[in-house]
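Every number in this text was worked out from the coordinates using simple rules, so none of it is lab data. All values derive from a computational prediction rather than experimental measurement. So basically every Cβ, Gly included, is an ideal-geometry build from the backbone, and we count neighbours across all protein chains shown.
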């Protein structure tokens, strides 16, 4: 795992957990990861998340969600803006993912939110990731 991009590590752990059909994944927590987890829960991509404090370290546990045939709800999850290439968009340019079937997650001046919410509030920001 690279210490330079904790969001990419977070997404990779979710991706690997889904491929291995794990019920949950656990990782070091941060405010940004907590906000992304909140959005994934609100949008129905994970079933639950919780913070656990183990001494000085905070851990984040995500309960992954699968469909009726045990196929993952999230088929693709990918990082858009990276430390080497940041991707910023204005509110008019917030991309639609899979024609509206997927979501993207942005950091805006008013916090972390989905692309749909950012468009409604006429906010631009950095596109963190997209999933469907």
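Quick notes
- In the set (1) within 13 Å of the chain's Cα centre (by Cα); (2) in contact (Cβ under 8 Å) with a residue 60 or more places away in the chain; (3) farther than 23 Å from residue 4 by Cβ, the condition left unmet by residue 111 is number (1).
- Complete set of residues in segment 82-106 that are touching a residue at least 24 places away in the same chain (Cβ under 8 Å), closer than 24 Å to residue 46 by Cβ and in a strand (DSSP E or B): 82, 103, 104, 105
- Here the strands (runs of 3 or more DSSP E) wholly within segment 1-81 that include at least 2 residues being surrounded by fewer than 18 Cβ atoms within 10 Å (Cβ to Cβ) and free of Cβ contacts under 8 Å to residues at least 40 places away in the same chain are 24-28, 46-54, 57-64.
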